[in-house]
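Visitor: Supplied in structure tokens, the structure appears directly below.
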């Protein structure tokens with residue numbers, strides 16, 4: 001990877017990492033060599049000392065700028081990258097994502113072709129550490145941060161990018177205030193939807209968001225996630241995230257909360273099943289999402305709405 005450029009960059013690529021030194025090095029290596037108009041920024045989000053050193057060394061080896069934050073927080077890390085970025089555009093890659101060899105060229109071509117574009121993102125293909133279990137509901141593949149439909153105009157037209165592979169016009173993202181710190185992963189806390197919040201605000205402002213199928217990364221799927229305990233927990237936090245995001249956007253939640261209260265009550269007996277059981281996994285995920293949405297509406301949202309930009 002090239003050494004840090006002295007002048008302004010056309011594109012800044014931010015890799016926010018928490019305790020994933022090996023994966024961060026792999027992501028940086030896949031980007032090499034970068035064009036002269038592109039810079040890489042690695043943001044260490046409160047990693048443990050040994051991982052922090054591995055992340056720092058990887059950034060140094062590949063000529064990337066390195067920032068270290070004292071505590072974990074994905075939105076805080078993304079906002080730190082935004083404040084530090086020199087590019088007209090800023091792209092975000094997850095630390096466990098591996099971009100395709102032409103990823104940078106595709107992104108530069110995409111943003112050059114459409115001066116009105118505000119945000120874009122692309123496919124996220126799974127790189128499995130272990131086979132996806134047969135009991136896993138097909139409709140919930142996406143919670144593993146996967147976007148891999150057949151690549152046709154019809155199949156990708158309505159897709160929203162995910163934060164593992166997404167890019168924004170820097171001036172537009174800065175004007176919105178960056179990512180809301182009431183959303184976004186924080187250590188083991190699986191709250192999310194921070195990029196969905198930003199995309200919704202962009203569209204509410206009439207700005208252009210487009211899915212770019214040729215912009216492809218692989219995403220490593222940790223085998224530790226392929227169990228019912230993780231999946232049910234993830235769906236609970238998806239419910240929390242959705243409710244907090246809707247509140248942050250000023251959208252009404254009480255009608256949906258009433259519906260989810262009914263779901264939670266009707267499905268409450270499923271809570272008697274062992275946490276590690278795969279029995280009725282789809283309904284248990286539905287119940288968990290409902291409980292999470294209620295918490296986000298009635299409790300969690302009030303506690304953290306003040307963290308909005």
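The values are calculated or read from the model by the stated rules, or taken from the named source; none is laboratory data. Predicted model, so just to flag it, every value in this text is computed and none were measured. All Cβ positions, even for glycine, are placed from backbone atoms using ideal geometry, and neighbour counts span all protein chains on display.
For every residue, the table says whether it meets (1) under 30 Å from residue 114 (Cβ atoms); (2) surrounded by 15 or more Cβ atoms within 10 Å (Cβ to Cβ).
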position: 207; (1), (2): yes, yes
position: 221; (1), (2): no, yes
position: 236; (1), (2): no, yes
position: 266; (1), (2): no, no
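Visitor: Do you know which of the residues in segment 213-248 that are part of a loop (DSSP other than H, G, I, E, B) and in contact with a strand residue (DSSP E or B) (Cβ under 9 Å, 6 or more places away or on another chain) is farthest from residue 276 (Cα to Cα)?
Guide: Step one: filter segment 213-248 for residues part of a loop (DSSP other than H, G, I, E, B), giving 213-216, 222, 226-227.
If we keep only those that are in contact with a strand residue (DSSP E or B) (Cβ under 9 Å, 6 or more places away or on another chain) as well, we get 215-216, 226.
Details: 215: 37, 216: 34, 226: 11 Å.
Out of the qualifying residues, it is 215.
Visitor: A further question follows. Can you pull out every residue in segment 221-262 that is in contact with a helix residue (DSSP H, G or I) (Cβ under 8 Å, 6 or more places away or on another chain) and closer than 24 Å to residue 98 by Cα?
Guide: If the condition is that a residue be in contact with a helix residue (DSSP H, G or I) (Cβ under 8 Å, 6 or more places away or on another chain) and closer than 24 Å to residue 98 by Cα, then 221, 224, 225, 230, 231, 234 are the ones that fit.
Visitor: Evaluate the following for residue 211: is it under 19 Å from the mean Cα position of the chain (by Cα), at pLDDT 95 or above and either surrounded by fewer than 16 Cβ atoms within 10 Å (Cβ to Cβ) or closer than 22 Å to residue 197 by Cα (or both)?
Guide: Values: under 19 Å from the mean Cα position of the chain (by Cα): yes; at pLDDT 95 or above: yes; either surrounded by fewer than 16 Cβ atoms within 10 Å (Cβ to Cβ) or closer than 22 Å to residue 197 by Cα (or both): yes.
The answer is yes for residue 211.
Visitor: In segment 249-294, which residues are in a loop (DSSP other than H, G, I, E, B), over 23 Å from the mean Cα position of the chain (by Cα) and over 16 Å from residue 137 (Cβ atoms)? Full working, then the answer.
Guide: First, the residues of segment 249-294 that are in a loop (DSSP other than H, G, I, E, B): 249-253, 267, 273-280.
Now restrict to residues that are over 23 Å from the mean Cα position of the chain (by Cα): 252-253, 267, 273-280.
Passing the criteria: 252, 253, 274, 275, 276.
Visitor: Check off (1) touching a helix residue (DSSP H, G or I) at 6+ places or on another chain (Cβ under 8 Å); (2) assigned by TED's automatic domain parsing to the domain that holds residue 179 for residue 218 and give me the number that stays unchecked.
Guide: Unmet for residue 218, out of (1) touching a helix residue (DSSP H, G or I) at 6+ places or on another chain (Cβ under 8 Å); (2) assigned by TED's automatic domain parsing to the domain that holds residue 179: (1).
Visitor: Select from segment 265-282 the residues that are without any contact (Cβ under 8 Å) to a residue 24 or more places away in the chain and over 22 Å from residue 253 (Cα atoms) and list them in ascending order.
Guide: The first filter runs over segment 265-282 and keeps only residues without any contact (Cβ under 8 Å) to a residue 24 or more places away in the chain, leaving 265-274, 279-280.
Listed by number, the residues that qualify are 269, 270, 271, 272, 273, 274, 279, 280.
Visitor: Test residue 145 against the criterion of being assigned by TED's automatic domain parsing to the domain that holds residue 105 and over 22 Å from residue 23 (Cα atoms), and give yes or no.
Guide: Details: assigned by TED's automatic domain parsing to the domain that holds residue 105: yes; over 22 Å from residue 23 (Cα atoms): no.
Against the criterion (assigned by TED's automatic domain parsing to the domain that holds residue 105 and over 22 Å from residue 23 (Cα atoms)), residue 145 does not qualify.
Visitor: Which one of the conditions (1) free of Cβ contacts under 8 Å to residues at least 60 places away in the same chain; (2) part of a helix (DSSP H, G or I); (3) touching a helix residue (DSSP H, G or I) at 6+ places or on another chain (Cβ under 8 Å); (4) closer than 23 Å to residue 18 by Cα does residue 191 fail to meet, given that it meets all the rest?
Guide: (2)
Visitor: Mind checking which residues of segment 25-58 are in a helix (DSSP H, G or I), surrounded by 15 or more Cβ atoms within 10 Å (Cβ to Cβ) and either modelled with pLDDT under 95 or out of contact with any helix residue (DSSP H, G or I) (no Cβ under 7 Å at 6 or more places or on another chain) (or both)? Explain how you work it out, then say what you get.
Guide: The initial filter retains those residues of segment 25-58 that are in a helix (DSSP H, G or I), namely 25-31, 49-58.
Next, only the ones that are surrounded by 15 or more Cβ atoms within 10 Å (Cβ to Cβ) stay: 25-28, 30-31, 51-52, 54-56, 58.
Result: 26, 27, 30, 52, 56.
Visitor: Run down 125, 132 and say which single residue is out of contact with any strand residue (DSSP E or B) (no Cβ under 7 Å at 6 or more places or on another chain) and farther than 25 Å from residue 178 by Cβ. Please lay out each step first, then the result.
Guide: On the way: 125 fails: out of contact with any strand residue (DSSP E or B) (no Cβ under 7 Å at 6 or more places or on another chain).
Just a single option satisfies the conditions, and that option is 132.
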